[in-house]
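What follows is a set of notes on a single structure, which appears directly below.
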Amino acid sequence: MSIESCVIYEKKPLLSVNEAQERISAALTPLTQSELIPLKHAFGRTLAQTIYAPNNLPFARNSAMDGYAFSSQEMSTNSPFTLTQIGVVFAGSPFNGQLNKGECVRIFTGGIVPDNADSVIMQEQVNTQDSSIHFPSDIQFGKNIRQIGEDVCVGDPLCLAHKTLSAIDLGFLASAGIENVNVIRKLNIAYFSTGDELIGLGEKLTIGKIYDSNRYSLHGLLQNPNYEVFDGGVIADNRDLLKQTLQQAAEKFDVVITTGGASVGDADYVKDVLTECGSVNFWKIAMKPGKPLAFGRIGHCYFFGLPGNPVAVTTTFDIILKPALRYLTSTYSKKPLLFSACCTTPLNKSRGRQEFQRGILTQRPDGVLEVATSGHQGSHVLSSASAANCYIILDEDVTHVASGDCVNVLLF
């Protein structure tokens, strides 16, 4: 029987990728517990509540540039004029005198603008002679002053709940005087590889053995400030050992991830063990690579059984696990951005599963996006995944893409 026939004549229709994502979202309960942490440690964390401005930003009127501040009342821009400089205003040192008609102050960026001044003219536009400052006729009044509350007013929301804090956000909150922030607690995740064929780095490679690469990929994929991650090592192909290990892990962690053992071979015990000690939501999806993907629960712990092939691990993580984990940490998430690109190499696939082929996305000088296959698409071939920078997404009914056709692309 052909590969295509195997896909079409499954005993039960396979879940589509979208259906699997919806089933997972419906089964998950996002974390609500929070912790108060210093702002400096909050990069990448998810806010548990909206933060409101305790002050106006700017807090006081200040100059947007180096120049001269004065009052334009009773002045005309039709002719040049001269003012007398009576002081200097540095950032952090307000002018304490009274600015009268015919007077100005030298002011630097960030300096507090005197109460009755309404204009700042940049220093490059004037000529100076001792304390006499000569202004040209073509200047504009009422410019170059940052007004109170121009950026944010007291009580305005600074960052909304469920936002992932960026470096810019940290600076923004610091500018408002926010010292500590309430964030969703970290998601505790354990991950394991399964299989008698796996050996660790440093061990001698022999016939029938392979180095365990999946845990290294997962270690990288799980580098997120919202996660507390534990590498559980390799579980041998032993049903009792697998059951015991998963049950123990489920008592300590919010999420358990395994790679391998989720297929239908004689030594693939993941689905059976999950059925015995927990519940199976689904275990096959119409996705390539990544068809044998199990999802369920063991007690209060969510379980994801990923395929064993290394490219299938990274693909199912990106497409299925990543949005699920973000949802669990209460992180506000939009659908990923897809780009339309001109495919420069012909592509083929079997009907019945949505495929995520590895590609290399580039941009021509005229701005047109082009994508080409990165090489052999076998789910065991890491070289083409390493060379790629995107997925070329081919829908279930697509069987061929000709050179020059448009395809949807998802950046890594």
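Throughout, read-outs are computed from the coordinates displayed, never taken from laboratory work. Since the model is a prediction, treat every value here as computed from it, not as a measurement. Cβ atoms come from the backbone with ideal geometry, glycine included; neighbour counts cover every protein chain shown.
For the reader, a short list of remarks on this structure follows.
- For the pair Gln98 and Leu39, the difference between a 0.36 nm per residue extended length and the Cα-Cα distance amounts to 17.2 nm.
- P(r) of the chain over all Cα-Cα pairs, binned every 20 Å from zero, in whole percent: 21, 37, 23, 16, 3
- Along each principal axis, taking the top coordinate minus the bottom one, the Cα set of region 292-349 gives 49, 30, 14 Å in descending order.
- Among 86-92, 346-352, 36-42, sorting by the average number of other beta carbon atoms lying within 10 angstrom of each residue, highest first, gives 346-352, 86-92, 36-42.
- Long-range amide H partners of Asn180 with built H, under 5 Å: Leu39
- Model label zone, Ser79; criterion: amide N under 15 Å from point 7 Å along Cα-to-beta-carbon; scope region 130-152: 135-138
- Trypsin sites (Lys or Arg not before Pro) restricted to DSSP loop in region 171-276 with at most 16 other C-beta within 10 Å: Lys204, Lys209
- In plain terms, the bigger the Kirkwood radius, the slower the diffusion; for region 137-258, with that radius from Cα pairs, at 20 °C and 1.002 mPa s, Stokes-Einstein puts D at 110 µm²/s.
- By the helix-only formula, in which each DSSP H run with n ≥ 4 contributes -39500 (n - 2.57) and the sum is divided by residues, the chain has a 222 nm mean residue ellipticity of -5000 deg cm²/dmol.
- When the convex hull of its Cα atoms is projected in every direction, mean area for region 120-161 (nm²): 5.0 nm²
- Across every direction, the projection of the convex hull enclosing the Cα atoms of region 62-146 has a mean area of 4.7 nm².
- Entry note, region 103-186: relative contact order of 20 percent, from Cα contacts under 8 Å with a spacing of 6+ residues.
- Peptides 149-156, 47-54 ordered by average Cβ neighbours within 10 Å, highest first: 47-54, 149-156
- Straight Cα distances below 22 angstrom link Lys163 to the lysines Lys40, Lys186, Lys322, Lys334, Lys335, with same-chain residues fewer than 8 positions distant left out.
- Relative contact order of region 62-146, pairs being alpha-carbon contacts under 8 Å that are 6 or more residues apart, as %: 44 percent
- Applying Stokes-Einstein at 10 °C and 1.306 mPa s to the Kirkwood radius of region 212-293, computed over alpha-carbon pairs, gives a translational diffusion coefficient of 114 µm² s⁻¹.
- Descending semi-axes in whole angstrom, ellipsoid equivalent of region 349-388, from the Cα gyration tensor: 23, 14, 6
- Per-residue packing, averaged as other Cβ atoms within 10 Å, sorts the ranges 283-295, 134-146, 171-183 into the order 283-295, 171-183, 134-146, beginning with the highest.
- Degrees separating the helix 239-252 axis from the principal Cα axis of the chain, which is the longest one: 20 degrees
- Sorted largest first, extent of region 320-384 alpha carbons per principal axis (Å): 40, 34, 25
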